[in-house]
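Single-structure report; data block below.
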Amino acid sequence: MVADNDKLVQIFNLKKYFPINQGFIIQKHVGDIKAVDDVSFDIYHGETLGLVGETGCGKTTVGRTLLYLYEPTAGQVLFNDVDITTLSENKLRRVRRRMQMIFQDPYASLNPRMTVGSILASPLEVHGMVSGKEKRDRVQELLRLVGLNPDFVNRYPHEFSGGQRQRIGIARALALNPDLIVCDEPISSLDVSIQAQVVNLLEELQDRLGLTYLFIAHDLSMVRHISNRMAVMYLGKIVELANRDEIYLHSTHPYTKALMSAVPVPDPDIAKSRQRIILEGDIPSPANPPQGCNFNTRCPVVADICYKEDPIYREIGDKHWVACHFA
Amino acid sequence: MNSLLEIRNLRTRFHTEDGIVKAVNGISYSLNIGEILGVVGESGCGKSVHALSIMRLIPIPPGEIAGGEVIFEDRDLIKLSSAEIRQVRGRDIAMVFQDPMTSLNPVYTVGFQIMEALTLHLGMTKEQARERAGELLSMVGIPDAPRRLDDYPHQFSGGMRQRAMIAMALSCTPKLLIADEPTTALDVTIQAQIVDLVRRLQEELGMAVMWITHDLGVVADIAHKINVMYAGYIIERGLVRDIYKNTRHPYTSGLLGSLPRLDEAPGTKLVSIPGLPPDLVDLPLGCPFYARCIYRVQQCLEEMPTLEEADGKDHTVACWRWEQIAERTE
């Protein structure tokens, strides 16, 4: 849990725009996809920060920019108080040891021509951490850690099921003893009964190794389950961020409320009785977001001011941040 | 009486290089007029294959409907000629598929694709079909529908495409709509729109709906009855409330336990089901859930339990030990 105020990651005004170019030979810059548009938040040591939002809201881009897999268009990313956006390549590589990623698709994220042993050994080799027997021991230890048989080192990814592959992906992320793991939709391609296995494993590993997670997913109930705090994104911006219970009980942004009410509940009594807010229309294009508040095209409580002014992202209660004129 | 579809002992298998994949292993149930049935299960449990078998859309070979009957309005669909089944498809039974991105033809306009069924099955002229297609599109909530008929699928968003698919499926006012994971590829706010739409249309048109999904949350909201499938068997079936509140099969309880809930207390641990579903090529002799079940006994290994009545008459479960388990957990 959040022990004190020590922040592992601090993000200030992060922006990531992807340029839209037109023209066949001479490319002209005609616009930008504003995938992440001015986002600020912190991640505390040992916590799980959940990041939810729908397709195209920029949640994956936040995760990748945070690891400097994408170069940010603007803004700062502080990892242990060091701004990684200004580091040289060498220094950056040293910091990257401490931050790892688990990917969404366990079928695409493991090289089919490498054995599990060499997949797990490669981060160790790249960072020159161990050699020979030590390496073999570490690989076996990693497999044991994620609940796989250590004799599997010579097998290839196709010999494993989706859930087992995701365990290999987790073992690879753990290889360098990182502080932070960005989990990018780690369970959304798995079956329900397997999802629970993987989530339980992630929770167990966090307790044992003191890991910090940024857990990115579109499944609100799963994010609420695993997170200490949650951030809700819409169209490149964080619209609300708070403690998991606070956001569930006292969400103030109309998008968070709608999202919450759209989540299916596996209980026919509750499903029948609860009030549902059904949003009209689709998410606008991030290349051409609406003027003013970017939720104004779908918001059920929209007013004149929402078309003119972009709401300020502000703290309305104890660590409860929201960007809405009426919050 | 008012049963629309009756399935008796349906079996479907696929002949592959690795052996015979037993996808559907003798399932029986009936679906009433105007009823919404949820079919729930994980990947490979046979839920989609059984729906495709009803529509006779299984590719033969490698597929084969190895036995059973699908009685739809006094006719066995399995025995119909291909010309006859084509008359049923689209007109009496329509289907909406999971992926709205790939189930529309990208080189034809949306309007053309909706009009196709209208001219084919209902013998409308082009003008009549176009007018009706416009009405259908506005019925599923697409703004400015008559003009959007000339759009191509890529000009529609994912949610709009799924609406267009539903419009297409409803074009001949079918008696049964089979929706195979219709919202899985969509975001939750769009999913809520589609669920709401199907419920509204079902009430207006009085058709029966079969909603196939892996998500126990979605069908809790919309279905009247639920079939839970595992390894090609129906392992529990009942009214929606019984399935969620008086769960009898250990697999169903496991599935419900592995779902995080928005209203759960902090620190709740998910109950996961250990292990993996069985290989459909090499199914065990007894209960297919044996390897993962915490209540298993020797009998479960040797004999496959049949669906028997539990509690009320509409609630059936395929488990040798459901009574003992029920006693223990209450």
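Would you mind listing the helices (runs of 4 or more DSSP H) fully within the range A:74-169 where at least 2 residues are surrounded by fewer than 16 Cβ atoms within 10 Å (Cβ to Cβ) and among the polar types (S, T, N, Q)?
Correct list: A:116-126.
Within the range B:72-92, count every residue that is of a type outside the set (Asp, Glu) and either touching a Lys or Arg at 6+ places or on another chain (Cβ under 7 Å) or exposed (fewer than 13 other Cβ atoms within 10 Å of the Cβ) (or both).
Total satisfying the criteria: 6.
From the list B:111, B:26, B:34, B:44, exactly one residue is in a strand (DSSP E or B) and either out of contact with any strand residue (DSSP E or B) (no Cβ under 9 Å at 6 or more places or on another chain) or small (Gly, Ala, Ser) (or both). Which is it?
Values: B:111 fails: in a strand (DSSP E or B); B:34 fails: in a strand (DSSP E or B); B:44 fails: in a strand (DSSP E or B).
Result: B:26 is the single residue among B:111, B:26, B:34, B:44 that is in a strand (DSSP E or B) and either out of contact with any strand residue (DSSP E or B) (no Cβ under 9 Å at 6 or more places or on another chain) or small (Gly, Ala, Ser) (or both).
Please work out which one of (1) of a type outside the set (A, V, I, L, M); (2) part of a loop (DSSP other than H, G, I, E, B); (3) at pLDDT below 85 is the condition residue A:272 fails and give its number.
Result: residue A:272 passes all but (2).
Tell me, which residue of the range A:185-244 that is closer than 30 Å to residue A:306 by Cβ and among the hydroxyl-bearing types (Ser, Thr, Tyr) is nearest to the other protein chains (Cβ to nearest Cβ)?
Ranking the candidates gives A:221 first.
For the range B:170-193, give me each residue that is closer than 14 Å to residue B:103 by Cβ and either among the hydrophobic types (A, V, I, L, M, F, W, C) or within 10 Å of chain A (Cβ to nearest Cβ) (or both).
Within the range B:170-193, the subset closer than 14 Å to residue B:103 by Cβ is B:178-186.
Passing the criteria: B:178, B:179, B:183, B:185, B:186.
Given the condition hydroxyl-bearing (Ser, Thr, Tyr) and within 22 Å of residue B:221 (Cβ to Cβ), answer yes or no: does some residue in the range B:174-185 qualify?
First, the residues of the range B:174-185 that are hydroxyl-bearing (Ser, Thr, Tyr): B:183-184.
The next check asks that each one be within 22 Å of residue B:221 (Cβ to Cβ); those that pass are B:183-184.
Scanning the range B:174-185 turns up at least one residue that is hydroxyl-bearing (Ser, Thr, Tyr) and within 22 Å of residue B:221 (Cβ to Cβ).
Quick check on the range A:261-277. Is at least one of its residues touching a Pro at 6+ places or on another chain (Cβ under 8 Å) and closer than 19 Å to residue A:52 by Cβ?
Quick first cut of the range A:261-277, residues touching a Pro at 6+ places or on another chain (Cβ under 8 Å) only: A:271, A:277.
Filter once more, keeping what is closer than 19 Å to residue A:52 by Cβ: A:277.
Checked the range A:261-277: at least one residue is touching a Pro at 6+ places or on another chain (Cβ under 8 Å) and closer than 19 Å to residue A:52 by Cβ.
In this structure, does residue A:54 turn out to be surrounded by 16 or more Cβ atoms within 10 Å (Cβ to Cβ) and either among the acidic types (Asp, Glu) or part of a loop (DSSP other than H, G, I, E, B) (or both)?
Working: surrounded by 16 or more Cβ atoms within 10 Å (Cβ to Cβ): yes; either among the acidic types (Asp, Glu) or part of a loop (DSSP other than H, G, I, E, B) (or both): yes.
It is true that residue A:54 is surrounded by 16 or more Cβ atoms within 10 Å (Cβ to Cβ) and either among the acidic types (Asp, Glu) or part of a loop (DSSP other than H, G, I, E, B) (or both).
Within the range B:47-74, how many residues turn out to be out of contact with any Leu (no Cβ under 8 Å at 6 or more places or on another chain) and in a strand (DSSP E or B)?
3
Output the residues belonging to the range B:75-90 that are part of a loop (DSSP other than H, G, I, E, B) and closer than 18 Å to residue B:207 by Cβ.
The first filter runs over the range B:75-90 and keeps only residues part of a loop (DSSP other than H, G, I, E, B), leaving B:80-81, B:90.
The one that is part of a loop (DSSP other than H, G, I, E, B) and closer than 18 Å to residue B:207 by Cβ: B:90.
Which numbered condition trips up residue A:255, out of (1) over 30 Å from residue B:242 (Cα atoms); (2) at the interface with chain B (Cβ under 7 Å from one of its Cβ atoms); (3) of a type in the set (Ser, Thr, Tyr)?
That leaves (2) as the condition not met.
Quick one: what pairs do we get from the range B:149-161, first residue more than 12 Å from chain A (Cβ to nearest Cβ), second surrounded by 15 or more Cβ atoms within 10 Å (Cβ to Cβ) and not in a helix (DSSP H, G or I), C-beta under 6 Å, 6+ apart or different chains?
Between residues of the range B:149-161 that are more than 12 Å from chain A (Cβ to nearest Cβ) and residues that are surrounded by 15 or more Cβ atoms within 10 Å (Cβ to Cβ) and not in a helix (DSSP H, G or I), the close pairs are B:150/B:109; B:152/B:109; B:153/B:104.
Residue check, residue A:64 against (1) modelled with pLDDT of 90 or more; (2) basic (Lys, Arg); (3) part of a strand (DSSP E or B), all met but one. Which one?
(3)
Among (1) touching a residue at least 24 places away in the same chain (Cβ under 8 Å); (2) touching a helix residue (DSSP H, G or I) at 6+ places or on another chain (Cβ under 9 Å); (3) within 27 Å of residue B:142 (Cβ to Cβ); (4) surrounded by 16 or more Cβ atoms within 10 Å (Cβ to Cβ), which single condition is residue B:106 missing?
(4)
Can you name the residue in the range A:29-54 that is among the small types (Gly, Ala, Ser) and either under 21 Å from residue A:188 (Cβ atoms) or more than 16 Å from the chain's Cα centre (by Cα) (or both) and, of all such residues, is modelled with the highest pLDDT? Don't jump to the end; show me each part of the working.
Filtering the range A:29-54 for residues among the small types (Gly, Ala, Ser) gives A:31, A:35, A:40, A:46, A:50, A:53.
Then keep just the ones that are either under 21 Å from residue A:188 (Cβ atoms) or more than 16 Å from the chain's Cα centre (by Cα) (or both); that gives A:31, A:35, A:50, A:53.
Numbers: A:31: 85, A:35: 90, A:50: 94, A:53: 88.
If we take residues in the range A:29-54 being among the small types (Gly, Ala, Ser) and either under 21 Å from residue A:188 (Cβ atoms) or more than 16 Å from the chain's Cα centre (by Cα) (or both), then A:50 is modelled with the highest pLDDT.
Quick check on my filter: what residues within the range A:261-299 are of a type outside the set (A, V, I, L, M), surrounded by fewer than 19 Cβ atoms within 10 Å (Cβ to Cβ), more than 12 Å from every other protein chain (Cβ to nearest Cβ) and touching a residue at least 40 places away in the same chain (Cβ under 8 Å)?
The one that is of a type outside the set (A, V, I, L, M), surrounded by fewer than 19 Cβ atoms within 10 Å (Cβ to Cβ), more than 12 Å from every other protein chain (Cβ to nearest Cβ) and touching a residue at least 40 places away in the same chain (Cβ under 8 Å): A:288.
Among the candidates B:241, B:237, single out the residue that is crowded, with 22+ Cβ neighbours inside 10 Å and of a type in the set (D, E, K, R).
On the way: B:241 fails: crowded, with 22+ Cβ neighbours inside 10 Å.
Residue meeting the stated conditions: B:237.
Restricting to the range B:167-195, count the residues that are assigned to a helix (DSSP H, G or I), farther than 21 Å from residue A:52 by Cα and of a type in the set (Gly, Ala, Ser).
2
The values are calculated or read from the model by the stated rules, or taken from the named source; none is laboratory data. Remember, it's a predicted structure, so these values are computed and weren't measured experimentally. When we count neighbours, we look across all protein chains shown, and the Cβ atoms used for this are built from the backbone with ideal geometry, even at glycine.
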